[in-house]
Every structure is written in structure tokens, then in C-alpha cells.
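I have placed the structure first, in the form of C-alpha cells, so that the comments after it can refer back to it.
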Amino acid sequence: MSDIVKTTRISGTALPMRGNDIDTDRIIPARYLKEVSFARMGEYPFFDERFDAAGRKKDHVFNDPEYHGASILFVNKNFGCGSSREHAPQALYRFGLKAIVGESFAAIFAGNCTMMGVPTVTAGAKEMDRLMKSVEEDPRTEYAIDLDAKTLTYADNTVAIDLPETYRSALTSGSWDSTALLRGNLEKVKRTAAKLPYIGNFSR
């Protein structure tokens, strides 16, 4: 099963997104749900907050060149609430973000992220405030998330993080990627399919 990707450690710089109850309609405006693939989703996160009607950039953390290339997003409470659109985590992932650290997440949003291999891990309010301040003071600070140890480290600091064990296990074992699991067990899939009368000649 060589295609299986295990997600155990994510490291890089961070992008701080302050505010509670940031919903999926803000993350990815509804008009972009009409696209037939996720290929361009990385262009759209927070689009209506980042650009005016003429397409000019506004003052927004996602436009700030100091945070360009960040791979970790810091957020506050109830991030990803609202509709269950999986375009929201797709937009953030394709923007370049590989993990999200926050006080809390909407359950469906966190589940959608996990199914893409993107950890959504939690830390306490005081810890998140310190993390936000650390990256605002020095955007080049490097952070490392360790899902096995359930820690986030930066400089000389270690922060305890958490996530549901089902999510952690899926990420660290690689079982979050159902497509890769099926590919890695293709012969077993074919044998099972051949026994099912409604599949027919699938195994050929």
C-alpha cells in the first residue's frame, strides 16, 4: 500500500486568523460552489473580504505578504461553522495550509478536513492567544505539530494540543485516504466485487 500517506508531523510558518464563529460562507463564498472541480479553490478563500468589487486587494491577513507561504492556520472558537460545504477545507488546503490549530471547530468542518489529511487540532484560549501573538510579532517563527505526541512546539515553547482519537488515528495510520486504501487493496476489492451480483464483471 505504497500510496498511503501518513500524517504525523506538520511544520512551517503560521497565519493568524482572529475571530470567533468564522463560517464556511466567509471561507468560500457560495458562488464558487458551482465550479466542477476543486482545482481553483485556492484562489477563493475569504475572497469577498480580501478583494473589493474591482478586484483590488483589501487589508486582510490572507493578503499580508508577511504570512506568504504559511502552512499552519491559527484560529479561535467554532471555526468552520455554518454549512457543511467541503469546498471550505479544500480552499484552505489549496491556498497552502496543511493544518489548522484553534480553540474549537465545527464538527462537520473538522471531519471534512480530516478526510483530506488536514489535522484540525485544539488548544486552550490562553495558548491560542500566545500563539497568535508569537506569529504576529515574528511571522517567520517556525511551528511543528506532532500528532503522536499531541504537541505543538516553537522556539523554546511546547503547547499541548488535542483532537479526537478517531481523527488522530486516521491521520497517523493513513486511513484518512479512502481512495488510497482501495487502490492499495485492489485485488481484494476485485475479489469481493466479483461475488456481488449487482457489480457484474467489475473484476475483469
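The values are calculated or read from the model by the stated rules, or taken from the named source; none is laboratory data. Just so we're clear, the structure is a prediction, and the values are computed from it rather than from any experiment. Backbone-built Cβ (ideal geometry, glycine too); neighbour counts: all protein chains shown. We work out accessible area using only protein heavy atoms, side chains counted, and drop any ligands, DNA or RNA first. Shrake-Rupley method; radii C 1.70, N 1.55, O 1.52, S 1.80 Å.
The table for this structure:
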quantity: Candidate set: the stretch 25-56, residues that are touching a Phe, Trp or Tyr at 6+ places or on another chain (Cβ under 6 Å) and not hydroxyl-bearing (Ser, Thr, Tyr); chosen: the one farthest from residue 139 (Cα to Cα); calculated: 29
quantity: Any hit, the stretch 139-152, residues being part of a helix (DSSP H, G or I) and under 17 Å from residue 17 (Cβ atoms); calculated: no
quantity: Residue check, residue 110 modelled with pLDDT of 95 or more, open to solvent by less than 30 Å² (accessible area, probe 1.4 Å) and farther than 30 Å from residue 33 by Cα; calculated: no
quantity: Counted residues, the stretch 77-105 - those being more than 10 Å from the chain's Cα centre (by Cα) and either among the charged types (D, E, K, R) or open to solvent by less than 20 Å² (accessible area, probe 1.4 Å) (or both); calculated: 7
quantity: Any hit, the stretch 124-133, residues being crowded, with 21+ Cβ neighbours inside 10 Å, within 17 Å of residue 14 (Cα to Cα) and in contact (Cβ under 8 Å) with a residue 12 or more places away in the chain; calculated: yes
quantity: Yes/no for residue 28 being in contact (Cβ under 8 Å) with a residue 60 or more places away in the chain and aliphatic (A, V, I, L, M); calculated: yes
quantity: Tabulated pairs, the stretch 56-67, first closer than 16 Å to residue 135 by Cβ, second assigned to a helix (DSSP H, G or I) and among the aliphatic types (A, V, I, L, M), C-beta under 9 angstrom, 6+ apart or interchain; calculated: 67/61; 67/135
quantity: In the stretch 40-57, residue farthest from residue 161 (Cα to Cα) [restricted to those that are of a type outside the set (Asp, Glu) and surrounded by 14 or more Cβ atoms within 10 Å (Cβ to Cβ)]; calculated: 51
quantity: Residues satisfying the stated conditions in the stretch 1-39, i.e. modelled with pLDDT of 95 or more, open to solvent by 60 Å² or more (accessible area, probe 1.4 Å) and either of a type in the set (A, V, I, L, M, F, W, C) or under 17 Å from the mean Cα position of the chain (by Cα) (or both); calculated: 9, 11, 18, 21, 25, 26
quantity: Answer from 60, 68 - the residue that is at pLDDT 95 or above and open to solvent by 80 Å² or more (accessible area, probe 1.4 Å); calculated: 68
quantity: Any hit, the stretch 162-179, residues being over 20 Å from residue 98 (Cβ atoms), modelled with pLDDT of 95 or more, outside any loop (DSSP other than H, G, I, E, B) and open to solvent by 70 Å² or more (accessible area, probe 1.4 Å); calculated: yes
